[in-house]
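The values are calculated or read from the model by the stated rules, or taken from the named source; none is laboratory data. All values derive from a computational prediction rather than experimental measurement. Here Cβ is always computed from backbone atoms with ideal geometry, including for glycine, and neighbour counts include all displayed protein chains.
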Amino acid sequence: MNDSREILQIKKLIVAAESSLREARELLSVLSGEIPPLPNAAEQAKEVGRVTMGVDGKVIEGIFDGQNMVGPDGKMYSVPANYASKSKLVEGDRLKLTITNDGSFIYKQIGPVERQRLIGTLTKDETSNEYRVVAGDRTYRVLLASVTYFKGEAGDEVVILVPKDKPSRWGAVENIIKPTSFSGEAAASPSAPSSDDLSLQQ
C-alpha cells in the first residue's frame with residue numbers, strides 16, 4: 001500500500017495544528033496574566049541603546065528581536081538572515097550597527113544574553129510557510145535560513161538556543177538531528193560554522 005506518504009502528511013498536519021494551539025494558549029496566558037509578558041525589544045532598546053555619529057559613519061546600538069534589530073529611535077533595522085543564523089543570535093542580544101559613509105551595514109554583537117539549550121520538534125505552518133520549534137510546553141519561531149542551512153524538515157529534532165530565565169518568541173537553531181535512517185545510523189546534519197568575529201559587511 002502507498003499510504004505511507006499520506007500518513008506522514010497527516011502526522012505533519014497534526015503536529016502543526018498542535019503547535020498553533022500551543023501558541024494560542026501561550027498568548028491567552030500572557031493576556032490573562034498567568035505568565036509574564038514577553039520582552040519588548042523596543043522598550044529594551046530605549047533603555048540600553050544609543051545613536052552616535054563617528055568618523056566611519058552612523059553607529060546605532062539596539063536589541064535583536066529574533067529577526068531584526070530595534071534601535072533606540074524606534075526604527076527597525078534588517079539583520080541579514082544568514083548572519084543571524086550563522087552567528088546564532090538570540091532574542092535580546094545587544095547589537096551595534098555601523099552605517100558607513102558609503103552606505104554599507106556592518107553588524108557586531110556587543111552584549112549577548114545568557115543562553116540555554118532546548119530540544120524540540122520542528123513544525124511547519126502550511127498556511128504561512130513558517131517554521132517553529134515545539135519544546136516542552138512552548139513554541140518558538142525560527143529563521144528560515146537556519147532551517148534551510150541544516151536541510152530541516154517538519155518532524156526533525158532540533159536543538160535551539162533561547163534566553164535563560166526569560167520568555168522569548170524566537171529560538172536560534174544550533175543543530176538539527178535527522179530521524180534514524182534505515183541503516184540504523186542517524187543522518188548527519190552539517191555543523192554550523194562558528195563565528196568569533198560577529199561582524200558582517202553587506
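Summary table below
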| read-out | value |
| --- | --- |
| Enumeration of residues in region 113-133 that are aliphatic (A, V, I, L, M) and within 13 Å of the chain's Cα centre (by Cα) | L118, L122, V133 |
| Matching entry among S191, S168 (being modelled with pLDDT under 95 and over 16 Å from the mean Cα position of the chain (by Cα)) | S191 |
| All strands (runs of 3 or more DSSP E) inside region 4-70 with 1 or more residues being of a type in the set (S, T, Y) and either at pLDDT 75 or above or assigned by TED's automatic domain parsing to the domain that holds G120 (or both) | 50-53 |
| Check on S183, among the hydroxyl-bearing types (S, T, Y) and modelled with pLDDT under 80 | yes |
| Residue in region 100-108 that is within 18 Å of G66 (Cα to Cα), at pLDDT 95 or above and outside the structural domain of Y77 (by TED's automatic domain parsing) present | no |
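Per-residue answers, yes or no, for (1) touching a Leu at 6+ places or on another chain (Cβ under 9 Å); (2) aliphatic (A, V, I, L, M); (3) exposed (fewer than 15 other Cβ atoms within 10 Å of the Cβ):
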residue: Q44; (1), (2), (3): no, no, no
residue: V51; (1), (2), (3): no, yes, yes
residue: K58; (1), (2), (3): yes, no, yes
residue: G71; (1), (2), (3): yes, no, no
residue: G92; (1), (2), (3): no, no, no
residue: K124; (1), (2), (3): no, no, no
residue: R141; (1), (2), (3): no, no, no
